[in-house]
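Here is the structure we will look at.
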Amino acid sequence: VKKILIVEDDHALAFALKNKFIDEGFITFEAGNGQEGLDLAESEKPDLILLDIVMPVMDGLTMFQEMKKKPDLADTPIILLTNLNDSETISRALAMGLNDYLVKTDWKLENIVKLARQKINN
């Protein structure tokens, strides 16, 4: 069974994602900010992380940078989920190696699960 870490400070979206992934047979963990996400990533070693960018305590891009410093987390697949769609943020994320960047309002839950399966099975 694959493990998904959802790092999202929007409780309604996190709840919807969690329930969808559980329905699809995944084990899920949730964090409300990047620091909690980093701690959970270290303890649970998820197969994939859904990561928001704008969050309290530690933002998603900082969490990603911190993960890259840890050999056991550096290769964990990440899908960025955000409401930001400005080209500067997208360019920064791509430059950091974050190739999957989804604007929340453009994606249905089923499509996020489908993309997650593709990333895990690569």
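Quick notes
- Judged by the gyration tensor of its Cα atoms, with axes a ≥ b ≥ c, region 1-58 is oblate; a/c meets the 1.5 cut and b/c is at least as large as a/b.
- The structure-derived value of Rg/Rh (Cα atoms, Kirkwood Rh) appears in the list (1) 0.92; (2) 1.04; (3) 1.01 under the label (1).
- Each stretch of four or more DSSP H residues adds -39500 (n - 2.57); spread over every residue of the chain, this sum gives -13500 deg cm²/dmol at 222 nm.
- For Ala14, net neighbour charge (Lys/Arg +1, Asp/Glu -1) across residues whose Cβ lies under 10 Å away: -4
- Within the chain, percent of DSSP bridges classed antiparallel, to nearest 5: 0
- Net +/- balance of residues flanking Pro77 in space, Cβ distance below 10 Å, scoring K and R +1, D and E -1: -2
- Extending 7 Å from the Cα toward the beta-carbon at both His11 and Ile27 defines two label points whose distance is 2.6 nm.
- Relative to the Cα centre, the charge distribution of the chain, modelled as +1 at Lys and Arg Cβ and -1 at Asp and Glu Cβ, gives a dipole magnitude of about 420 debye.
- Cross-link table Lys20/Lys104; Lys20/Lys68; Lys18/Lys69; Lys20/Lys108; Lys20/Lys114, entries beyond 18 Å C-alpha to C-alpha: Lys20/Lys68; Lys18/Lys69
- The simple spin-label model puts a point 7 Å past each Cα toward its Cβ; for Asp72 and Ser43 those points are separated by 1.3 nm.
- Over the chain, relative contact order from alpha-carbon pairs under 8 Å, at least 6 apart, %: 23
- Net charge over other residues, Cβ less than 9 angstrom from the Cβ of Pro46 (K, R count +1; D, E count -1): +1
Every number in this text was worked out from the coordinates using simple rules, so none of it is lab data. All values derive from a computational prediction rather than experimental measurement. No Cβ is skipped: glycine too gets one built from the backbone with ideal geometry, and neighbour counts run over all protein chains shown.
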